[in-house]
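*Asks:* Please read through the structure below; I'll follow up with questions.
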Amino acid sequence: MSPLLLSYYGDDLTGSTDVMEALESRGVSTVLFMQPPNEAQRSRFKRARAIGLAGSSRSETPAWMDEHLNVAFAWLKSLEAAICHYKVCSTFDSSPEIGSIGRAIDIGQSLFAQAHVPLVVGAPQLKRYTAFGNLFAAYRDAVYRIDRHPVMSRHPVTPMKEADLRLHLAQQTAKRIGLVDLAALNDANVDRLVDKALSDDSEIVMFDVADLATQRSVGRQIWRMRKDDSLFVVGSSGVEYALLSEWADAGLIDGEPSFSAAGPVDRIAVVSGSCSPTTERQIRHAIANGFDGVALDPRELASGEAAPISNAIERGLPSLAAGRSVILYTALGPSSDVGGELEGQESARRAIGRGLGQIQRALIAQARLTRAVIAGGDTSSHALGELGIFALTIKMPLRATPGSPLCAAHSNDPAFDGMEIALKGGQIGGDDYFGKIRDGTS
């Protein structure tokens with residue numbers, strides 16, 4: 001098998017495919033596993049230079065992380081890749097109680113026995129920027145400080161109330177947090193300044209990324225930090241975008257591959273658990289342009305009972321039988337979010353995700369679909385597990401709106417092996433996203 005440049009754990013499924021898209025866009029062959037694979041499954045991907053493991057820690061508690069991340073990180077470490085990346089969302093939304101990035105860093109730093117953990121969040125390709133430790137993110141045609149972002153400042157589970165990521169992260173870990181800021185990255189003596197940052201008592205070292213130039217500089221610094229073992233790194237897919245420039249300069253990768261358009265299919269099924277206004281616009285746009293919409297009550301799916309799932313399948317199949325695409329959704333924007341009613345029911349969101357996955361599985365099998373979509377980061381993590389898919393690879397990146405590519409599924413079940421599926425994060429994609437997936441245009 002090829003020596004691995006990188007292994008990674010994605011804290012949700014859509015974020016995991018985001019990393020895969022970034023790597024494949026520069027010719028780094030990548031496979032994303034849903035669980036650690038057996039020997040036969042791993043042997044299907046002997047040419048892979050990067051291996052990912054899709055997780056759900058973004059929506060889990062620190063106690064869950066203590067139980068599951070140690071096992072996941074140990075498996076990734078055993079792959080002996082040059083870099084091991086714990087991938088978080090580029091909006092950094094997290095809290096001490098849910099999706100604690102600090103707890104994940106604590107676990108990873110202990111397992112990898114590192115003095116310093118580099119942290120990279122900015123990713124200009126996704127319109128995410130960090131400047132002097134503060135995070136900025138785009139929404140539609142403007143860029144906002146993350147604590148003033150129209151969506152992320154009001155996230156239903158992990159609202160971002162602090163833009164300085166050092167202060168935000170300090171609520172989740174007792175580790176000391178340092179910063180290599182824009183001034184240092186643009187200094188002629190940047191290597192000496194980074195070495196100084198690594199020689200002080202900071203255990204986490206955050207790197208600013210505000211543009212492609214600072215991103216390239218950060219990639220060189222991370223690659224320079226490597227020792228004999230895997231280097232544990234935390235951050236968004238900005239980690240990969242930074243490293244790709246360094247790998248290209250070092251001759252480790254060849255350049256951009258050419259992806260063909262996937263081409264159209266006659267119909268697709270979409271299941272959505274996203275409350276995002278971005279997804280709301282996408283659903284409304286699709287319904288206005290030939291898709292059928294089916295509203296589902298998330299409280300019924302949260303019960304875990306079979307009847308709401310069967311009812312949803314019965315409501316979705318007629319559209320597909322008539323040759324039309326269909327979207328089954330549990331929310332239409334933030335105003336329809338009923339998360340407050342499910343507060344304290346730890347299993348409710350998982351049950352909703354699993355229910356949507358069971359609905360999607362039935363629609364694909366009974367309508368013999370070859371392409372489908374799951375929308376919502378947390379939703380995707382729980383829903384895909386119901387489809388019997390053990391790995392994903394890239395079929396077609398969406399270059400205009402990177403972050404949620406069309407993937408090829410790998411399964412032991414012939415009904416799902418080779419099918420095409422897109423996992424869409426709440427904030428990702430243009431208004432015509434679902435139509436683009438149906439039509440196979442990037």
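The values are calculated or read from the model by the stated rules, or taken from the named source; none is laboratory data. Here the structure is a predicted model, which is why all the values come from computation and not from measurement. With ideal geometry, Cβ positions are generated from the backbone for all residues, glycine too; neighbour counts draw on all protein chains shown. Each accessible area value is taken on the protein alone, full model and side chains, heavy atoms only, with ligands, DNA and RNA left out. Shrake-Rupley method; radii C 1.70, N 1.55, O 1.52, S 1.80 Å.
*Asks:* Quantify how much of the Cα-Cα distance distribution of the chain extends past 36 Å, in percent.
*Replies:* 22 percent
*Asks:* Where only protein heavy atoms count, and the probe is 1.4 Å, what is the accessible area per residue for the chain in Å²?
*Replies:* The answer is 38 Å² per residue.
*Asks:* Can you give the angle from 0 to 90° between the axis of helix 101-112 and the longest principal axis of the chain, with both taken from C-alpha atoms, to the nearest 10?
*Replies:* Approximately 60 degrees, to the nearest 10.
*Asks:* Here is a further query. Whole number please: convex hull volume per residue, Cα atoms of segment 219-300, in Å³.
*Replies:* 199 Å³
*Asks:* Sticking with this one: I want to verify the translational diffusion coefficient of segment 298-392 in µm²/s; compute it with Stokes-Einstein, Rh as the Kirkwood radius over Cα pairs, at 25 °C and 0.890 mPa s.
*Replies:* Estimated diffusion coefficient is 177 µm²/s.
*Asks:* If you average the sequence gap of Cα pairs under 8 Å that are 6 or more apart and divide by the length of the chain, what percent do you get for the contact order?
*Replies:* 18 percent
*Asks:* Can you compute the helix-only [θ] at 222 nm over the chain? Use -39500 (n - 2.57) per DSSP H run of at least 4 residues, normalise by all residues, nearest 500 deg cm²/dmol.
*Replies:* Per the formula, -10500 deg cm²/dmol.
*Asks:* Could you tell me which of the pairs LYS161/LYS395; LYS77/LYS161; LYS87/LYS424 are separated by over 28 angstrom between their Cα atoms in the structure shown?
*Replies:* LYS161/LYS395; LYS77/LYS161
*Asks:* Still on this structure, please answer the following. Count neighbours as other Cβ atoms within 10 Å of each site's Cβ, and list the trypsin sites (Lys or Arg not before Pro) in segment 47-139 that are DSSP loop with at most 10 such neighbours.
*Replies:* Sites meeting the loop and neighbour criteria: ARG47.
*Asks:* Also: Compute the angle between helix 348-367 and the longest alpha-carbon principal axis of the chain, please, reported from 0 to 90 degrees and rounded to the nearest 10.
*Replies:* 60 degrees
*Asks:* Also, I was wondering about something else. If you fit an axis through the alpha-carbon atoms of helix 277-287 and take the longest principal axis of the Cα set of the chain, what angle between them do you get, 0 to 90°, nearest 10?
*Replies:* With rounding to tens, the tilt is 30 degrees.
*Asks:* In a Gaussian network model over the chain where Cα atoms closer than 10 Å are linked, find which of PRO159, PRO318, PRO277 has the largest mean-square fluctuation.
*Replies:* PRO318
*Asks:* Taking amide hydrogens as modeled 1.01 Å from N in the peptide plane, which residues meet the under 5 Å criterion relative to LEU53, leaving out close sequence neighbours?
*Replies:* Those qualifying (amide H under 5 Å, at least 5 residues apart or on another chain) are TYR8, TYR9, GLY10, PHE33.
*Asks:* From the phi of every residue in segment 40-52, what ³J(HN,Hα) in whole Hz does the Karplus formula 6.51 cos²θ - 1.76 cosθ + 1.60 yield, where θ is phi - 60° and glycine or proline is x?
*Replies:* Going residue by residue, I get 5, 5, 5, 5, 5, 10, 5, 8, 5, 9, 9, 10, x Hz, with x marking Gly and Pro.
*Asks:* Quick one: compute the contact order of segment 42-122, relative version, from alpha carbon pairs under 8 angstrom and 6+ residues apart, as a percent.
*Replies:* Relative contact order of segment 42-122: 36 percent.
*Asks:* Test of understanding: in a Gaussian network model of the chain with alpha carbons linked when under 10 Å, which of ALA183, ALA242, ALA137 would top the mean-square fluctuation ranking?
*Replies:* The residue with the greatest mean-square fluctuation here is ALA183.
*Asks:* Rounded to a whole number, what is D in µm²/s for segment 322-442 from Stokes-Einstein with the Kirkwood radius over alpha-carbon pairs (37 °C, 0.692 mPa s)?
*Replies:* In µm²/s, the coefficient rounds to 217.
*Asks:* Let me ask another. From the alpha carbon gyration tensor of segment 78-196, can you work out the equivalent ellipsoid semi-axes (sqrt of 5 times each eigenvalue) and give them in Å, largest to smallest?
*Replies:* Semi-axis lengths for segment 78-196 are 24, 20, 14 Å.
*Asks:* I need the GluC sites (Glu not before Pro) found in segment 39-122, filtered to DSSP loop residues with at most 16 other beta carbons within 10 Å of theirs.
*Replies:* Those that pass, being in a loop and sparsely packed, are GLU80, GLU97.
*Asks:* In whole percent, and with a 1.4 Å probe on the protein chains, what portion of the accessible area of the chain is carbon and sulfur?
*Replies:* Of the solvent-accessible surface of the chain, carbon and sulfur hold 46 percent.
*Asks:* So, one more: For the chain, modelled as a GNM with alpha-carbon contacts under 10 angstrom, which of GLY418, GLY429, GLY251 fluctuates the most?
*Replies:* Maximum among the listed residues: GLY251.
*Asks:* Grab the Cα-Cα distance for ASP254 and LYS161, subtract it from 0.36 nm times how many residues apart they are, and report the gain in nm with one decimal.
*Replies:* That pair, ASP254 and LYS161, stretches by 29.3 nm at full extension.
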